[in-house]
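Shown next, in C-alpha cells, is the structure this report addresses.
The values are calculated or read from the model by the stated rules, or taken from the named source; none is laboratory data. Please read these numbers as outputs of a predicted model, since none were measured by experiment. Virtual Cβ from ideal backbone geometry, glycine too; neighbours counted across all protein chains shown. Each accessible area value is taken on the protein alone, full model and side chains, heavy atoms only, with ligands, DNA and RNA left out. Shrake-Rupley method; radii C 1.70, N 1.55, O 1.52, S 1.80 Å.
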Amino acid sequence: MTGGTPPLLRLEGVTVRYRPDGPPALAEIDLTLRAGEWVSVLGANGSGKSTLARVLAGLIAPTAGAVILRGAPVGATETGLWPLRQAVGLVLQNPEDQIVAATVEDDVAFGPENRALPPDEIERRVTAALRRTGLEALRSVEPARLSGGEKQRLAVAGALAVEPAALVFDEATSMLDAEARARLLAVMREEQAAGRAIVHITHELEEAEVASRLVVLDRGRLRYDGPPAPFFTALAEGRLALPGLLPPFGVRLAQDLTARGIAVRPARFDPEAVVEAAWTSASKG
Amino acid sequence: MNGLGTFPLGRHLPGDSFLHRSDPRAKLLFLFGIAIAAFTARSVAAVLVLSLLVPAAIAGSGVSPAYVVRAIGRTAVFVGILAAVQLFIPRPEPPLFVLGPLSVTAGGLKEAVLVWLRLLLLFALGALLTLTTPPLVLAAGVVRLAAPLRRVGVPVDAFGLMLMLALRFIPTLLEALERIMKAQAARGVDFTSGRLRERIVALLSVVVPLFAFAFERAEAMALALEARGYRPDAPRTSRRRLAFGWRDVVLAATLALALAVAAWDRGRGGP
Amino acid sequence: MDVRFEGVSHVYGAGTPFARPALSSVTVSIAAGSVVALLGRSGSGKTTFAQLAAGLERPTAGRVIVGGAESSAERRLPPDVRRRIGAVLQHPEHQLFEETVGRDVGFALRRRGVPPDEVERRARAALFSVGLDPEAYFARSPFRLSGGEKRRAAIAGVLVYEPELVVFDEPTAGLDPEARERLIEHLEAVFRRRRPTVLYVTHRIDEAIRLADRVLLFDAGRLAADVTPAELLRRFEAYRRFGLRPSPFIRALFAVGRRAPDVWDDPPRTPAALADWLAARLGGGRKGARP
C-alpha cells in the first residue's frame, strides 16, 4: 500500500449475519479497494457475493468489523452509511428492478435529485452519464422500449450520475446476451480507465480474466484474494477446487487434454493459447 | 389471459396532449373532485351527465378511444360484480322479483346501477390520469398537494414513494401474472371453466407464485432505490418543475361545473 | 409432434397504444423429434416463436400447425393437442406453488386425471430425470430449495407428463455454471431417451451447438437463418451481425481450424469432443478419458 493516500475502501474483519443465530452470510472479510482497479468477485450462488455488494454499497452495515472509506470509518446508522452510498454506485442483476422513471433522462436524474442537486447541475450530469454509456440518442425514450442491454446501461448511467468513486456490479451481466454483455463490459472498462474502482461480481470465470485482482468467496469466507493468473493455474493443476463454479473454458480444455495424454502448460488460459500449447506439446512429444 | 400487460392500470403513454401537459396536481384534484361529485349526485341521470366527462377526457388525452372503451368494457364486468352487492342489501320496500333467497327491489336496482356507473366513471378518469402522467411526476404531485400534512407528522414523502412504486410495479406484476398463467395453463390448468374445487386450485396455482415473485421484486426494487440515494426524509430536488397553466384553469372550471351539477341534483329531491 | 409456421406474424397488444410487433411473416417446418435451438438478440422474436408453437400465444396473422391442429387469430389449438405440449418459460421456478416438491411435480398429471399411485410413480421418475433424488426431495417444500434445485423441480413438473413438444425459454439463465452444466446434462439425456420435439431458446451459443440438430436464428422479428450447428460454426463470421459472439469454445475451435482446417468437416460440438478430436489428431491416445 502506498504511504500517502489511504485506499478508497477497506473492509476489516467484516461479518454479516441476517439472523443472530444463523450462519454468517459473510465471515471476517478483509478487503481493500483502490481507485482505478478492477476486482472480480467469484462465488457460487449463496457464497455471500450479494451480501458483499450490499456492504460495499453502504446498504447494510456489518454485524461486526469495520468499513473504512478513504481512511475514515463509516458509521452503522442510516446517516453514517450515507457517504458510502455516495461513493459507491451499485448495478443489480435485473435491470427492471432499477428503473424508476418514465423516460431515460428522468431515470438518470433520479440519483442527483435524491442528493438535492440544483437542476442545471442535474442536467449536466444526466448528459454526461448518457454520453458515457452511449444512450444519448435514447434520451427521451420510455425505458420499457429499451432492450435488456440498453436497460442495463441505463442502470449504469443512473449510478454514474451520482459521480461515485467506485461501481459495484452484482451479476449485472448475467441476464444479457453476448453482444449486450460485451458492450456493458466495454463501458465498465472505460470507467475503470477514468479512475473509478470496479467491483464485478460474477460467476462467469471468463469475465474474471480481465481483472486486476480476483476475490473468491465460498460460504461467506474469503478463499482467495490476488491476481487472476496464479489462481487459474492452481485450478488447472487441480490444486484448488471451486464449489459451484466451473473453471474457465481454457482451464477445462487444458485439463481435458492433459487427461488424454497431451500435457499442456500454457502461460495463459485463453482458448487460443491452450490450443497453441497443445500443438507445441504434441510436436515436442 | 393475453393482453394483461396492455391494461391501462399504472401504464403511462408518452404524449403531448392537453392532459399530458396539465399539471399533475390539477389532474389529481380534478379526479378527487369528480369522485366527490359522483358520490354526491343521487340520480342516475346526474351521474350520466357527469359521465360525459369521459369522452371529453379521452379527446383531451390523445389516447385511442377504441382502446379506452375496450378497457372500460373489460372493467365493467368486475365492477358489475361489486355493484351487484347492492342488489342484495335488504330494503323495506316491495320486491321487484325474487332470486332464490334474495329479493331485488327497485331501490336496490337503482343503487346498484349508481355504484356501477360511479366506479366506472372513476376508473375511466383514473386510467386516463395514469396514462397521461409519468409515475414519478404523479408521485411528485401527490407529495406537493399533501405537503401541509408534513407539519402534523404525516410521512408525506414516504407515501409518495410508495405510490410511485406501486404504480411502477403494476405492469411488472401484470407481466409476471401473464407468464405464470401461461405456465400453469401448459400444465393443464383451465382458468375459464371447471368445478369450484378446480377453480380454487387454478387460483392458488397463480396467486402463490405471484406473491413469491412480488416479494422478491419489491425487495430488489427497494434495494435499488436505496442504492440510488433515495431517503424518504431527506430533501430532494426535481428536474421537472411543476407549474400551473391555462389547461389547469380549464380543469378547475370543468370541475366547478361538475360539482354544481352534483349539488343541484342532491338538493333537488334527495331523501 | 411436428410444427409448421405459415406466414406467421405476431403483435403484442395489437390494437392498443402499447402494440409491439414481435414476429413478422415467418414460414418454417419442424419435423417431429428434432431439437431446434432458437438464437438471436433479446427482442429478436425467438421467445414469441416458441410461445406461438406451444399455443400460448396465437398469431395475429398466418397460422401455426401443431400435430395437425391449427392455431390462428380465429382458432385456438384444441385441448387434446395442448395437453401434449410442455412449456418451460423464463424463470420456471415461478410456477411452483404446492406444499411439497412431489405434489408440485405431479400437478399436471393430477389435472389430467391420472390415478394417484401412478402420479407418484411418474413424479418420482421425473425428479430423478432432472437429477433430484426423489427420496430426498419428494416431501420437501419447493420454497426451501436452492435456485438451481427449484429450477430443476419446475422442469420436472413439465417433463412429468411426457410432452411430445416442449419449448424451453432460457432454462439455464441465472444459474451458476455448475448448476447450469448439471441441468444441461440431464436435459440432453431426456431429449435422447424420449425424443420429444424441442424448441430451445437460448443466448448461450454453446448450449445451442451442443443440444440442437438445427438452429433458427432470429433478427428483428424475422427468421434470419435456418442452419445446422456445423453450418453455424463454419459461417460464424457471417452471423455476427445478428448479435452472435464467439464463446471461448468457439474461439478454441477457430484456433484449431487455423492449424487444421479439416476440423470444419464435422466440427466437435462439446468441449469434451473437442479434446477428443485434438487427442486423436495430435496422437495423444487414450481417447475419451476424462478426469
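Overview of values
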{"quantity": "Count - residues of the stretch B:46-68 that are closer than 14 Å to B:Leu117 by Cα, in a helix (DSSP H, G or I) and free of Cβ contacts under 8 Å to residues at least 40 places away in the same chain", "calculated": "0"}
{"quantity": "Failed item in (1) modelled with pLDDT of 90 or more; (2) open to solvent by less than 60 Å² (accessible area, probe 1.4 Å), with B:Asp157 passing the rest", "calculated": "(1)"}
{"quantity": "The stretch C:126-137, subset over 19 Å from the mean Cα position of the chain (by Cα) and touching a residue at least 12 places away in the same chain (Cβ under 8 Å), residue surrounded by the fewest Cβ atoms within 10 Å (Cβ to Cβ)", "calculated": "C:Pro134"}
{"quantity": "Complete set of residues in the stretch C:87-113 that are over 20 Å from C:Tyr137 (Cβ atoms) and in contact (Cβ under 8 Å) with a residue 40 or more places away in the chain", "calculated": "C:Ala87, C:Leu89, C:Gln90, C:Arg112"}
{"quantity": "Of the criteria (1) closer than 24 Å to C:Thr47 by Cβ; (2) open to solvent by 30 Å² or more (accessible area, probe 1.4 Å); (3) in contact with a Leu (Cβ under 6 Å, 6 or more places away or on another chain), which one B:Glu178 fails", "calculated": "(2)"}
{"quantity": "Strands (runs of 3 or more DSSP E) (entirely within the stretch C:1-76) containing at least 3 residues that are modelled with pLDDT of 95 or more, away from every other protein chain (no Cβ under 11 Å) and under 29 Å from A:Gly149 (Cβ atoms)", "calculated": "C:3-12, C:20-30, C:35-40"}
{"quantity": "Number of the condition not met by A:Ala101 [criteria: (1) of a type in the set (Gly, Ala, Ser); (2) within 11 Å of chain B (Cβ to nearest Cβ); (3) under 25 Å from A:Gly36 (Cα atoms); (4) in a loop (DSSP other than H, G, I, E, B)]", "calculated": "(3)"}
{"quantity": "Count of residues meeting criterion [hydrophobic (A, V, I, L, M, F, W, C), within 16 Å of C:Arg111 (Cβ to Cβ) and exposed (fewer than 13 other Cβ atoms within 10 Å of the Cβ)] in the stretch B:192-220", "calculated": "3"}
{"quantity": "Residue selected from the stretch C:164-173 under the condition within 17 Å of C:Leu38 (Cβ to Cβ) and over 8 Å from the mean Cα position of the chain (by Cα), by the criterion surrounded by the most Cβ atoms within 10 Å (Cβ to Cβ)", "calculated": "C:Leu165"}
{"quantity": "Residue count, the stretch A:6-27 (criterion: outside any strand (DSSP E or B) and hydrophobic (A, V, I, L, M, F, W, C))", "calculated": "2"}
{"quantity": "Residues of the stretch B:199-252 classified as in contact (Cβ under 8 Å) with a residue 12 or more places away in the chain, among the aromatic types (Phe, Trp, Tyr) and away from chain C (no Cβ under 13 Å), total", "calculated": "2"}
{"quantity": "Those residues of the stretch B:221-262 which are assigned to a helix (DSSP H, G or I) and of a type in the set (Val, Ile, Thr), in sequence order", "calculated": "B:Val249, B:Val250, B:Thr254, B:Val261"}
{"quantity": "Qualifying residue in the stretch A:264-277 (condition: touching a Ser or Thr at 6+ places or on another chain (Cβ under 7 Å) and more than 9 Å from chain C (Cβ to nearest Cβ))", "calculated": "yes"}
{"quantity": "Residue within the stretch C:98-114 that is polar (S, T, N, Q), open to solvent by 10 Å² or more (accessible area, probe 1.4 Å) and within 12 Å of another protein chain (Cβ to nearest Cβ) present", "calculated": "no"}
{"quantity": "Matching option when the condition is within 12 Å of chain C (Cβ to nearest Cβ), open to solvent by 20 Å² or more (accessible area, probe 1.4 Å) and of a type in the set (Lys, Arg), among B:Arg25, B:Arg11", "calculated": "B:Arg11"}
{"quantity": "Evaluation of A:Val156 against (1) assigned to a loop (DSSP other than H, G, I, E, B); (2) under 23 Å from the mean Cα position of the chain (by Cα); (3) among the β-branched types (Val, Ile, Thr) (one fails), failing number", "calculated": "(1)"}
{"quantity": "The lone exception for A:Leu246 - which of (1) touching a residue at least 12 places away in the same chain (Cβ under 8 Å); (2) more than 9 Å from chain C (Cβ to nearest Cβ) it fails", "calculated": "(2)"}
{"quantity": "Which numbered condition A:Gly46 fails, given (1) outside any loop (DSSP other than H, G, I, E, B); (2) within 13 Å of another protein chain (Cβ to nearest Cβ); (3) open to solvent by 30 Å² or more (accessible area, probe 1.4 Å); (4) closer than 23 Å to A:Asp225 by Cα", "calculated": "(1)"}
{"quantity": "Residue in the stretch A:164-175 that is surrounded by fewer than 18 Cβ atoms within 10 Å (Cβ to Cβ) and touching a Lys or Arg at 6+ places or on another chain (Cβ under 7 Å) present", "calculated": "no"}
{"quantity": "Within the stretch C:264-279, tally of residues that are facing chain A (nearest Cβ under 9 Å) and either over 18 Å from A:Glu272 (Cβ atoms) or among the small types (Gly, Ala, Ser) (or both)", "calculated": "4"}
{"quantity": "Among residues of the stretch A:135-151, those that are farther than 18 Å from B:Arg241 by Cβ, loosely packed, with under 15 Cβ neighbours inside 10 Å and touching a residue at least 12 places away in the same chain (Cβ under 8 Å), counted", "calculated": "1"}
{"quantity": "Answer residue from the stretch B:78-113, given it is among the aliphatic types (A, V, I, L, M) and touching a strand residue (DSSP E or B) at 6+ places or on another chain (Cβ under 6 Å) and is nearest to B:Ala124 (Cα to Cα) among those", "calculated": "B:Leu87"}
{"quantity": "Test result for C:Arg140, buried (at least 16 other Cβ atoms within 10 Å of the Cβ) and under 13 Å from the mean Cα position of the chain (by Cα)", "calculated": "no"}
{"quantity": "The stretch A:112-134 - residue that is part of a loop (DSSP other than H, G, I, E, B) and within 12 Å of chain B (Cβ to nearest Cβ) and, of those, most open to solvent (accessible area, probe 1.4 Å)", "calculated": "A:Pro118"}
{"quantity": "Some residue of the stretch A:71-81 being part of a strand (DSSP E or B), in contact with a strand residue (DSSP E or B) (Cβ under 8 Å, 6 or more places away or on another chain), of a type outside the set (A, V, I, L, M, F, W, C) and more than 14 Å from chain B (Cβ to nearest Cβ)", "calculated": "yes"}
